[in-house]
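The values are calculated or read from the model by the stated rules, or taken from the named source; none is laboratory data. Since the structure is predicted, the reported quantities are computational estimates derived from the model, not experimental observations. Here Cβ is always computed from backbone atoms with ideal geometry, including for glycine, and neighbour counts include all displayed protein chains.
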2 protein chains.
Amino acid sequence: MAKQAGSTTRSVRGSRTGRPIMALLDLLGRRWTLRILWELRDAPLTSRSLRTACDEASPTVLQARLDDLREAGFVELGEGGGYRLTPLGRDLCETFMPLHRLAERWKSSSPSPRLRGEGRGEGEPPRRR
Amino acid sequence: MAKQAGSTTRSVRGSRTGRPIMALLDLLGRRWTLRILWELRDAPLTSRSLRTACDEASPTVLQARLDDLREAGFVELGEGGGYRLTPLGRDLCETFMPLHRLAERWKSSSPSPRLRGEGRGEGEPPRRR
DNA sequence: CTCCGTTGCTACAATTATCGTAGCACGACG
DNA sequence: CGTCGTGCTACGATAATTGTAGCAACGGAG
């Protein structure tokens, strides 16, 4: 049967409202998509290794995202098993490389090691209006 | 619980497992984060306008993401109301600019205007092993 | 061939995030 | 005061994600 492994739903709503950038932003805005691309950045990985690399994420979602990415043409399944980036996918990853540097810079400016964690209703008295 | 507007949970699991890039990837991998940054890319927007720009996304999530981004230091609330990018947020956005071009290229190579939509089981005969 | 370990992939219940609608407090304008 | 606009929140309904367990197909011993 078809099932739902295909990727659950595929468009929050205003994804491909015209500009392809929206569709891309939507695809990338799913939970493990960016992480998967990142882990695949320089070497192909098997489904298992990818799972390990992604901190033991559920195979369900991993599979769904992998299908999404494969369908989008950013990732493909190699011969002897294992996922790898397509040329287009590699270009996409290249785009994120500057993120690495920015992340370092970001850590320095962001003083919260764990980004607070709960609703900010208590920690901050009504600082607005 | 107290609330949930703070941003619901804040870390899928292995977010900031060490490298800040993971935390950043996790933050960016939430549903409207990338879209918000994109819409804010060249002009500040009010909460309302942002909602409109983001295809009438729920104010709940928009608020949560906005809080996330503000807390992360990428977005801030201006004087007369309205959200705008911080210098760091602007740098982050700059990173995504090449994505616009890539998205166009991607549309051309991806023949599916709506990415199929259901399970991928049919289009491909057992392409496994 | 049979046992074993690997691969990619799936089922299913529980949990969490998101949606969608409605509404609040605060401030500015008339 | 009444009306509008701002940021922000409550809450039930819905969709996505998590976690655990397990499947069939392939490959290498024994």
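Scan segment B:68-85 for residues that are closer than 22 Å to A:Trp106 by Cα and more than 7 Å from DNA strand D (Cβ to nearest atom) and the total you get is 12.
Residue-by-condition table, conditions (1) at pLDDT below 80; (2) within 16 Å of DNA strand C (Cβ to nearest atom):
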residue: A:Glu94; (1), (2): no, no
residue: A:Pro111; (1), (2): yes, no
residue: A:Gly117; (1), (2): yes, yes
residue: A:Gly123; (1), (2): yes, no
residue: A:Arg129; (1), (2): yes, yes
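The set of residues in segment A:27-58 that are within 17 Å of A:Glu79 (Cα to Cα) and in a helix (DSSP H, G or I) comprises A:Ser47, A:Arg48, A:Ser49, A:Leu50. A:Leu66 passes every criterion in (1) more than 10 Å from DNA strand C (Cβ to nearest atom); (2) crowded, with 22+ Cβ neighbours inside 10 Å apart from (1). The conditions of being at the interface with chain A (Cβ under 9 Å from one of its Cβ atoms), surrounded by 22 or more Cβ atoms within 10 Å (Cβ to Cβ) and touching a Gly at 6+ places or on another chain (Cβ under 9 Å) are met by B:Ala72.
The test for being among the small types (Gly, Ala, Ser), within 9 Å of DNA strand D (Cβ to nearest atom) and at pLDDT 90 or above holds for A:Ala64. Check segment B:45-54 and report whether any residue there is at the interface with chain A (Cβ under 7 Å from one of its Cβ atoms), touching a residue at least 24 places away in the same chain (Cβ under 8 Å), touching an Asp or Glu at 6+ places or on another chain (Cβ under 9 Å) and near DNA strand D (Cβ under 10 Å from one of its atoms). Among the residues of segment B:45-54, not one is at the interface with chain A (Cβ under 7 Å from one of its Cβ atoms), touching a residue at least 24 places away in the same chain (Cβ under 8 Å), touching an Asp or Glu at 6+ places or on another chain (Cβ under 9 Å) and near DNA strand D (Cβ under 10 Å from one of its atoms), which makes the answer no.
Within segment B:4-44, the residues that satisfy the criterion of being within 7 Å of chain A (Cβ to nearest Cβ), within 11 Å of DNA strand C (Cβ to nearest atom) and modelled with pLDDT under 85 are B:Gln4, B:Ala5, B:Gly6, B:Arg10, B:Val12, B:Arg13. Applying a threshold of 8 Å to beta carbon distances and a minimum spacing of six or more residues, or different chains, the list of pairs starting in segment B:70-89 at a residue that is without any contact (Cβ under 8 Å) to a residue 40 or more places away in the chain and within 14 Å of DNA strand C (Cβ to nearest atom) and ending at one that is of a type in the set (Asp, Glu) and part of a helix (DSSP H, G or I) is empty.
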